[in-house]
1. What fraction of the Cα pairs in the range 231-352, stated in percent, has a spacing above 20 angstrom?
2. Tell me the trypsin sites (Lys or Arg not before Pro) within the range 151-217 that lie in a loop according to DSSP and have at most 10 other beta-carbon atoms within 10 Å.
3. Per DSSP helix of 4 or more residues, -39500 (n - 2.57); summed, then divided by the residues of the chain. What does that give at 222 nm, rounded to the nearest 500?
4. For the chain, compute Rh as the Kirkwood radius over C-alpha pairs and then the Stokes-Einstein diffusion coefficient at 37 °C and 0.692 mPa s; write the answer in µm²/s, rounded to an integer.
5. Just to check I understand the Karplus step: with θ = phi - 60° and J = 6.51 cos²θ - 1.76 cosθ + 1.60, what whole-Hz values come out for the range 122-139, glycine and proline as x?
6. Note the angle between two axes, namely the Cα long axis of helix 231-240 and the longest principal axis of the Cα atoms of the chain, as a number of degrees from 0 to 90, rounded to the nearest 10.
7. Any idea what angle helix 103-113 forms with the longest principal axis of the chain, computed on alpha-carbon atoms, 0 to 90 degrees, nearest 10?
8. Out of all DSSP beta bridges with both ends in the chain, state the antiparallel percent to the nearest 5.
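Only the coordinates and a few stated rules stand behind these numbers; no lab work does. Since the model is a prediction, treat every value here as computed from it, not as a measurement. For neighbour counting, all protein chains shown are included, and Cβ atoms are generated from backbone atoms with ideal geometry for every residue, glycine included.
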Amino acid sequence: MFEHVLVTGGAGFIGSHTVDQLLGRGCRVRVFDCLDPQVHGGIGTPPQHLSPEAEFVQGDMRDRDSLRKALQGIDAIIHDAAAVGVGQSQYQIDHYIDVNVRGTAVLLDILANGKTSVERLLVASSMSIYGEGLYRRPGDGSFVAPQLRPDNQLEAGEFEVRDPETDEVLEPVPTPESKPLFCTSVYAQAKKDQEEYSLIVGRAHKIPTVACRFFNVYGPRQSLNNPYTGVAAIFSSRIKNGKPPLVYEDGEQLRDFTSVHDLVRAKLLLLEDERANHGVYNIGTGNKASILDIAGHLAKLYGRSDLEPEVLRKFRSGDVRHCYGDISKLKALGFKPQVSLEEGLRELVEWGESQAAVDLSEKAHAELVQRGLVRE
């Protein structure tokens, strides 16, 4: 394991868990984080969940001077810092590109032109860059990588993906890293750019680089006040406020829900294993669950089974139907998920019961409707 690791975005949900596991392995850790008010509530100080054993530096990825100073003495970087939120990215376009792409570009520029001791870079990418997942055509068993569903189909309330040639309803299958990418949101395109620029610069300057494509991560410390965070946290906030979860389309969309503990274990495996150099890896469980399943599990665990999900049958611009991970590449390096969905959601609820939750999901929904990004 590397001696001194910089975690960008290390005060956040995923970053802070990464910090904990690095410290547990005997690493010195420096955190670089801007403490985004949307994530941290504008408190201006590191959150209580960030270990005091880590060195904290407040700074913005776009600030070259502060980032250069934070890189001094660092031999490995875990780059988690990013503006997160698919729906919000569709109208805060300049912000998402500036923070995610230019912020990463500043980091890479320093690595390429400055004198640093960095020997490895791990960059957080996203399953959103796939767009739709991989599918199988029932008629002949061939694999299909579809793009967006037609608007007229969605407006008719038909949400499943159809084959553009045969009009068959396609069967979702696990999505491997080799599936062609088709970004359907500004957030996705920004993550794709982060991934590709990092790999290009890493190869050119002989800095072993790994891109980690996160699937739907959930767990304790995920903000219950940010309506653009993961769906499990958004649903938790609704339920804690006595409101039913808001579900787009019919709720049967399939995703790969991954405990933050498993995610971080996978990240640190990829950080250590040289076989991963200059590669891209899905980090998930390889299992699928529907959005309605998650809403139902959470309501039951919070003791509010009476809060049945409000199925809107509306669709958001850029949303995909099914996407869950094929993690064969990661398993070949020795990774095995350890946290079941039931265990992980129970941990989220146990933590969530002690947290204040401001439900802003209706406000976020109204913003999307106002901009024509939600239709029915």
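1. When all Cα pairs of the range 231-352 are counted, 50 percent exceed 20 Å.
2. Qualifying residues, ordered by number: LYS206.
3. Rounded to the nearest 500, it is -9500 deg cm²/dmol.
4. My calculation gives 156 µm²/s for D.
5. Working through the residues one at a time gives 10, 10, 7, 10, 8, 5, 4, 6, 6, x, 4, x, 8, 9, 10, 7, x, x Hz.
6. Helix 231-240 sits roughly 70 degrees off the main axis of the chain.
7. Once rounded, the angle reads 30 degrees.
8. Close to 20 percent.
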